[in-house]
Structure formats: structure tokens, C-alpha cells
Amino acid sequence: MTETLSFADDTLILIDQTRLPAILETFECRTVEQVFDAILRLVVRGAPAIGIAAAYGVCLARDSSDKPSRDAYLKAIDRLAQSRPTAVNLFWALDRMRNVIASTDDDQRLPDSLLCEAKTIHDEDREMCRAIGRNGASLLEKSQCVLTHCNAGGLATSVWGTALAPIYHLYESGHTLKVFADETRPLLQGARLTAWELSQAGIPVTVLTDSMSGSLLRTGNVDAVIVGADRIAANGDVANKIGTYPLAILARYHNVPFYVAAPSSTFDPNLASGDLIPIEQRSRSEVAEPYGVTLVPPSADVMNPAFDVTPAELVSAIVTERGVVEQPNHEKLAKHFA
Ligand code: MRU
């Protein structure tokens, strides 16, 4: 598996996900502003990956005399927190970095302590994805065909992914699932990224236009739907890529299980329900002029929310690094994460 991001010599190195699948190249960040820009433009994207990138981003902070300082680190945290609002992993990672600053008295030690914390966040993500793979495999081991939306694979995390982790786990143990990947308008993370990484791994993948999933579920060609999450509220409501909610309704209507795979860093116990999750609104141009081609007349308005919220009652189970929560609700999730 390709590592989505790495950090060496004061440089954050990202696979540039805006260029895939045509070009596999890296984007190097040496300043906080470059990391901010990379998160905003989705050079790095996916809830866990932006948390890790932001943590490393803090380590790049310098003051006006080009030196690391407590004040510069705190400013970097505030700046990076403004990059994208929905994925709680970003704020979770930045809070951990803020806690390191608060608990380190010696300013000389701060750079090393912060880098150590960023690396720990990165290492923990690898472990969590592996565990999600193991735990989720038990739900999919009898399936032949699964449907996923957006990209919740290795590219959205350090490596392995969340929704794709059980698929990789089963593949390693000799059971190859066939994957249907929604193209995922408007930025095509399913067509460009999920299809790319599964193909790299040798796992068969078929890309669907977003509007095809209903007829595919109706014809009985899908055994399970599995997606990732950007934020899970205390009651189990799930924010994920726009188009996830209608997919969950379709799955329920056709009696197909709808699974959500996410690490504990995606869980937000401070929000009672999904109605309180801030939904990122992205630019008109992503819908109206993708890749420079005008698809919408200038006089027409465009809506471009990046995420929607699926109510917990439509979720068959949430898979985390700790195990599986069937039919999630407030009580079960509180117990799971206690
Ligand atoms: O806008 P994106 O590409 O960052 O959206 C990503 C998703 O919606 C993923 O499904 C989610 O972050 C889970 S990633 C393991």
C-alpha cells in the first residue's frame, strides 16, 4: 500500500490527490500556509488524513524571524482549524497538539515534543485502520459484492483506510470482494481515487455514476454498503460525503446492510445529534465548471454542500478500531467509547 503522507526534513510530503488517477506525484509543504492550502484544495483529503496532515502542519510553524515559537505554533493551530469544518478528526488532532503546548514548560523542547505527537497521531492511525479492517471483515466475510461511496480508503487515511480496510483485510486472507464505487459527484473521489487504489491493489472495482446505485440495489447485485465518516454525533448520526444519505435510504428500502467504518477520532461526543454537525459548503466552480468546462449557465444558482447527514436509524452497524456497534444509538456508543 502507498503511504498517503510522510514527514521528513521539515517537509510534509503528500500524494497530490487532485492529480490522480492520471498522474501520481507528490506535493511538498514547508510552511503552515502550504498545508492549509493543501487541505482546502483536497490535495490531502479524507477525515483521518487531514487530521494527520494538520498535526504535521503545526510542526512547520515559524515566527517572523523564521524561528519556531510557542506563539507561532498556537497561531498555526488556529489557522489550520479554519481549513475545513466538517471532519472532526482535524480538530481532534489540533487539540492534541494544543495539549502538548500547554503541558510543555520548556520552549526549547516544544519542537521535538510536537513532532513526536504528530508522529504518534500518524502511527495510531495506521493501527486503527488495521483494527477496523479486522473488525469489519467479520461483517463482510459472507459478501461477494459491496458498494461504497467517495473514498474512505488508504488515500483518506495514513494507509489501509476505514471503509476499504475490511476489503483489504479479506483480500489478504484470500477472499476477494467485488467493489462497486460510486463516482461521487462533484469531485469524483470514488471514480478517481477509490477505483485507483483498489486497482493498484488488484481488487476488482466497477465505477457507477451516482444515480445508478438504486437500480443496482434493486437487482440484488449488492450484499452490503460500506462507507466512511467525517463526524459521528453522540447519537450515531453520521456525516459523510454528499450522497451518502440517499444511499442509506436505498439500502434500507432494499434490505441491504449499511455499514459505517470510522476510527474513534471521528466520533464527536459533544454533539448530541447530526443536526449540529457543521456542513462544509464548497465553491460553485466545482459543480459549474469542473476541469474548466462550463456545465451550468452563469445565470443558474448552484448548491455544493460537501457532506450530508445520515440518521443513526439507517445505519446497520458502525465499525471502529474497538469493535462493532450494531444499530448504534447514544447509549451503545457511549459504552463503546467509555
Ligand atoms: O471531501 P473529502 O474527499 O475529504 O470527503 C471524504 C469523505 O467523505 C470520506 O468518506 C470520509 O472522510 C471518511 S475517510 C476515511
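How much length is gained if the chain between VAL293 and ILE279 is pulled fully straight, taking 0.36 nm per residue apart and subtracting their Cα-Cα distance, in nm to one decimal?
Numbers: separation 14, 0.36 × 14 = 5.04 nm, distance 2.63 nm.
Extra length available between VAL293 and ILE279 comes to 2.4 nm.
Give the lysines whose C-alpha is closer than 30 Å to that of LYS142, dropping any in the same chain fewer than 8 places away, or say none.
Of all the lysines, those that pass the test against LYS142 - Cα under 30 Å, at least 8 places apart if same chain - are LYS178, LYS241, LYS332, LYS335.
Between ALA317 and residues 5 or more places away or on another chain, which pairs have amide H atoms under 5 Å apart, with H built 1.01 Å from N, and which residues are they?
For ALA317, the qualifying residues are PHE258, VAL260, GLN327.
Hey, can you grab everything whose amide H is under 5 Å from the amide H of ASN240? Only 5+ residues off in sequence or another chain; H modelled, so Pro and N-termini drop out.
Correct list: ASP230, ASP308, THR310.
In which sequence would LYS332, LYS241 go, from the one with the fewest C-beta neighbours within 10 Å to the one with the most?
Lowest to highest Cβ neighbour count: LYS332, LYS241.
Using a simple spin-label model with points 7 Å from Cα along the Cα→Cβ vector, what separation in nm is obtained for GLU286 and SER138?
With each label point 7 Å from Cα toward Cβ, the separation is 3.6 nm.
Counting DSSP beta bridges with both partners in the range 136-336, what percentage is antiparallel, nearest 5?
Numbers: 11 of 29 bridges.
Within the range 136-336, antiparallel bridges account for around 40 percent of the total.
Need the full-extension length gain, ASP95 to ASP66, defined as separation in residues times 0.36 nm minus the C-alpha distance. One decimal, nm.
Details: separation 29, 0.36 × 29 = 10.44 nm, distance 2.40 nm.
In short, 8.0 nm is gained.
Highest mean first, what order results for 81-87, 143-149 on Cβ atoms within 10 Å? Could you put the intermediate results ahead of the total?
Details: 81-87: 19.9, 143-149: 22.6.
Most protected by this proxy first, the peptides run 143-149, 81-87.
Cα gyration tensor of the range 136-336, axes a ≥ b ≥ c as square roots of the eigenvalues: rounded (a/c below 1.5), prolate (a/b > b/c) or oblate? List each step's numbers first, then the result.
On the way: a/c = 1.65, a/b = 1.16, b/c = 1.41.
Judged from the Cα gyration tensor, the range 136-336 comes out oblate (a/c at least 1.5, b/c at or above a/b).
For ASP230, ASP275, what's the fewest-to-most ordering of other Cβ within 10 Å of each Cβ?
Values: ASP230 32, ASP275 11.
Starting with the residue having the fewest Cβ neighbours, the order is ASP275, ASP230.
Listing THR11, THR104 from the residue with the fewest other Cβ atoms within 10 Å to the one with the most, what is the order? Walk me through the numbers before you get to the answer.
Values: THR11 14, THR104 17.
In increasing order of surrounding Cβ atoms, one gets THR11, THR104.
Report the extension gain between GLN200 and LEU74 in nm, rounded to one decimal, defined as 0.36 nm multiplied by the number of residues separating them, less their alpha carbon distance. Please report the intermediate quantities before stating the final value.
Numbers: separation 126, 0.36 × 126 = 45.36 nm, distance 3.93 nm.
Result: 41.4 nm gained on full extension.
Would you compute, from DSSP H runs of 4+ residues alone, the mean residue ellipticity of the chain at 222 nm, taking -39500 (n - 2.57) per run and dividing by the full residue count, rounded to the nearest 500? Before the final figure, lay out the partial values.
Values: 11 runs with 123 residues, N = 338.
One gets -11000 deg cm²/dmol as the mean residue ellipticity at 222 nm.
Roughly what would the spin-label model give for THR18 and ARG109, points 7 Å off Cα along C-beta, in nm?
4.0
Which loop trypsin sites (Lys or Arg not before Pro) in the range 36-125, with loop taken from DSSP, have no more than 14 other Cβ atoms within 10 angstrom of their Cβ?
Numbers: sites: ARG41, ARG45, ARG62, ARG70, LYS75, ARG79, ARG96, ARG98, ARG109, LYS119; in loops: ARG41, ARG45, ARG62.
Those satisfying the criteria are ARG41.
Kindly state, to the nearest 0.05, the FRET efficiency for GLU33 paired with ASP223, given R0 = 51 Å and r defined as their beta-carbon distance. Each step should come with its number before you reach the end.
On the way: r = 45 Å, r/R0 = 0.89.
E between GLU33 and ASP223, to the nearest 0.05, is 0.65.
What percent antiparallel are the DSSP beta bridges of the chain, to the nearest 5? Kindly include the intermediate steps, with their values, before the conclusion.
Values: 19 of 37 bridges.
Bridges in the chain that DSSP calls antiparallel: roughly 50 percent.
Values quoted throughout were computed directly from the atomic coordinates according to the rules given, and no laboratory measurement underlies them. All figures in this text were calculated on a predicted structure; none of them were measured in a lab. Please note: Cβ atoms are built from the backbone with ideal geometry, for glycine as well, and neighbour counts cover all protein chains shown.
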